[in-house]
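Read through the structure below, which is laid out as structure tokens, and then see the notes.
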Amino acid sequence: DFFQTKCVALQGLGRHAEAVTLLQQHVRQHAPGPELSRCRSQLILAYAEGGRWNEALAELQAFRTADKEEGAVPQIALVLAEKAYFAGEISLAATIYERLLSFNEHANIVAQATAGLAWSRSATSNSTAKENDKTFDQLLERYPDCPLAPQAIMLRALALERRQEQQQAVHLYEQLLERYPRTAQAPDALLAAARLCSELSSQRDAVELLRR
């Protein structure tokens, strides 16, 4: 409708404060229902676009409390986490991703949240290597068909290389080649595995990999 279009236009013009004011009024005036859910979703994103992260989180919590069906909450929370991540708010993104893991009935959302949590933890010095490994393992074990799984293997293998754990990294690169041979990550995994085998003086293994 006209109101929704106006709010989207204001956000597109970077006038987030004006969009927030309109959406806040709309949220207060509407009874629970689809219209209110749409307004709340827009309000959360408007807060995020304006860098008002605490208010975005507070509104998300209010949304979850009010939305008993929890239909719209997981998706908007995932979008908020992604916005936080790309805005450099890594710890906040990790917090939202972690909360999303409780939405067990939304398998696709949980899979993406698990991947997001793994990415977030790998990007912050606050997380230990053990925590990172556990998160990646959860993604690969529970959601092997998730489109992000090959990327997760690559990221974990690269992390192992940085920790000078080359043999374990080779194992992961080989795992990626076996499980996801047609993905965009496969060529890079092949070259990385061959390089590491060569560095480990396993020239025969390197040649064998490059023949694939």
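The values are calculated or read from the model by the stated rules, or taken from the named source; none is laboratory data. Nothing here was measured: the structure is a model prediction, and the numbers come from that model. Virtual Cβ from ideal backbone geometry, glycine too; neighbours counted across all protein chains shown. Accessible surface is based on the protein model in full, side chains and every heavy atom, while ligands, DNA and RNA are left aside. Shrake-Rupley method; radii C 1.70, N 1.55, O 1.52, S 1.80 Å.
Our coupling estimate for the stretch 170-186, obtained by passing each phi through the Karplus curve with A = 6.51, B = -1.76, C = 1.60 and θ = phi - 60°, is 4, 4, 5, 4, 5, 4, 4, 5, 6, 8, 9, x, 9, 8, 5, 7, 4 Hz, Gly and Pro reported as x.
Enumerate by residue number the GluC sites (Glu not before Pro) in the stretch 139-188 meeting two conditions: DSSP loop (anything except H, G, I, E, B), and at most 16 other Cβ atoms within 10 Å of the site's Cβ. Show your work: numbers first, answer last.
On the way: sites: Glu141, Glu161, Glu165, Glu174, Glu178; in loops: Glu165.
Listed in order of number, the matching sites are Glu165.
For the stretch 145-205, trypsin sites (Lys or Arg not before Pro) are listed when DSSP marks them as loop and at most 13 other Cβ atoms sit within 10 Å of their Cβ; the list is Arg163, Arg182. Seen from Glu165, the other residues with C-beta closer than 11 Å to its C-beta sum to a net charge of +1, counting Lys and Arg as +1 and Asp and Glu as -1. Neighbours of His16 by Cβ distance under 9 Å: Lys/Arg scored +1, Asp/Glu scored -1, total 0.
Computed from backbone phi, the HN-Hα couplings of the stretch 39-48 come to 5, 5, 4, 5, 5, 4, 5, 5, 4, 5 Hz, rounded to whole numbers (Karplus: 6.51 cos²θ - 1.76 cosθ + 1.60, θ = phi - 60°; Gly and Pro given as x). Approximating the spin labels as points 7 Å out from Cα along Cα→Cβ, the Gln168-to-Lys6 distance works out to 5.7 nm.
Can you tally the net charge around His30? Count Lys and Arg as +1, Asp and Glu as -1, for every other residue whose Cβ sits under 10 Å from the Cβ of His30.
Details: positive: Arg28, Arg38, Arg40; negative: Glu35.
Once positives and negatives cancel, what remains is +2.
With an a/c value of 1.5 or above and a/b not larger than b/c for the gyration tensor axes a ≥ b ≥ c computed over the alpha-carbon atoms, the stretch 1-119 is described as oblate.
Shape call for the stretch 110-197 from the C-alpha gyration tensor, a ≥ b ≥ c root eigenvalues: rounded (a/c under 1.5), prolate (a/b greater than b/c) or oblate? Can you show the working numbers first?
On the way: a/c = 2.13, a/b = 1.18, b/c = 1.80.
The shape class here is oblate.
Accessible surface for Trp119 stands near 60 Å², nearest 10, in the context of the full protein assembly shown (1.4 Å probe). Which of rounded, prolate, oblate describes the chain, given a ≥ b ≥ c as roots of the alpha-carbon gyration tensor eigenvalues and a/c under 1.5 marking rounded, otherwise prolate only if a/b is larger than b/c? Judged from the Cα gyration tensor, the chain comes out prolate (a/c at least 1.5, a/b above b/c). To the nearest ten degrees, helix 73-86 and the longest principal axis of the Cα atoms of the chain are 60 degrees apart.
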